[in-house]
1. Would you mention how many residues in the range 61-73 are buried (at least 16 other Cβ atoms within 10 Å of the Cβ) and either assigned to a helix (DSSP H, G or I) or under 10 Å from the mean Cα position of the chain (by Cα) (or both)?
2. Would you check if there is a residue in the range 39-50 being in contact (Cβ under 8 Å) with a residue 60 or more places away in the chain, touching a strand residue (DSSP E or B) at 6+ places or on another chain (Cβ under 7 Å) and either more than 14 Å from Gly23 (Cβ to Cβ) or part of a helix (DSSP H, G or I) (or both)?
3. Considering every residue within the range 108-115, establish whether at least one is surrounded by 15 or more Cβ atoms within 10 Å (Cβ to Cβ), under 16 Å from the mean Cα position of the chain (by Cα) and outside any helix (DSSP H, G or I).
4. When you scan the range 112-141, how many residues do you find that are within 19 Å of Ser89 (Cα to Cα), modelled with pLDDT under 95 and small (Gly, Ala, Ser)?
5. Condition first: crowded, with 18+ Cβ neighbours inside 10 Å and within 12 Å of the chain's Cα centre (by Cα). Now tell me which residues in the range 82-106 satisfy that.
6. Please enumerate the residues belonging to the range 95-118 that are over 18 Å from Ala32 (Cα atoms) and aliphatic (A, V, I, L, M).
7. Could you tell me whether the range 17-30 includes any residue that is exposed (fewer than 13 other Cβ atoms within 10 Å of the Cβ) and in a helix (DSSP H, G or I)?
8. Filter the range 19-54 down to residues that are over 15 Å from Gly82 (Cα atoms) and within 12 Å of the chain's Cα centre (by Cα), then give me how many there are.
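The values are calculated or read from the model by the stated rules, or taken from the named source; none is laboratory data. Since we're looking at a predicted model, the values are computed, not measured. Note that each Cβ is placed from the backbone with ideal geometry, even for glycine, and that neighbours are counted across all protein chains shown.
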Amino acid sequence: MSPLPFAVFLVRLTIGGLLVVAGFLKLRAPVAFATEIANYQLFPSVAPYVAATLPLVEILIGAGLILFPRPWRRAAEAVALGLTVVFASAVGSAYARRIDIDCGCFGTGGGAINGLTLLRNVALVAATVFLLRFDRGRATSRRPQ
């Protein structure tokens, strides 16, 4: 048996679990999270709206990666890829502009943005691409007509 299905399962659990945990941690202090989003200096006027919705989106997508059947899981993987690309872009932008802020990745107090933060976000993008490429899951079988 190929180790690929097991690797896909582990990556799904890891990314899904990270998103669920990150979402719940952000729900604990929404005002502080909105401030951290505004600190990125990208779109500070939308920070309260992002802070109000992003944690719930992360929880739903994370749960989708872990629990949803294949067709829905593929949609969750695609949204997770979009999220991780946005996260990596925001962190990369702050890092390149040398803005000394907390990343806000896991709620408040997650630590200042540094090269490891950027590397972690790029690794999450790569892992999500891996899922989209290799998650075959149990597809529904169709009967020949």
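1. Here is the first cut: in the range 61-73, the ones buried (at least 16 other Cβ atoms within 10 Å of the Cβ) are 61-66, 68, 73.
If we keep only those that are either assigned to a helix (DSSP H, G or I) or under 10 Å from the mean Cα position of the chain (by Cα) (or both) as well, we get 61-66, 73.
Result for the range 61-73: 7.
2. Just the residues of the range 39-50 that are in contact (Cβ under 8 Å) with a residue 60 or more places away in the chain, to begin with: 39-40.
Checking which are touching a strand residue (DSSP E or B) at 6+ places or on another chain (Cβ under 7 Å) leaves us with none.
The answer is no, given that none of the residues of the range 39-50 is in contact (Cβ under 8 Å) with a residue 60 or more places away in the chain, touching a strand residue (DSSP E or B) at 6+ places or on another chain (Cβ under 7 Å) and either more than 14 Å from Gly23 (Cβ to Cβ) or part of a helix (DSSP H, G or I) (or both).
3. Yes, the range 108-115 contains at least one residue that is surrounded by 15 or more Cβ atoms within 10 Å (Cβ to Cβ), under 16 Å from the mean Cα position of the chain (by Cα) and outside any helix (DSSP H, G or I).
4. Total satisfying the criteria: 2.
5. Of everything in the range 82-106, those that are crowded, with 18+ Cβ neighbours inside 10 Å and within 12 Å of the chain's Cα centre (by Cα) turn out to be Leu83, Thr84, Phe87, Ala88, Cys105.
6. Step one: of the range 95-118, the residues over 18 Å from Ala32 (Cα atoms) are 95-98, 114-118.
Within the range 95-118, Ala96, Leu116, Leu118 qualify.
7. No, that holds for no residue.
8. 4
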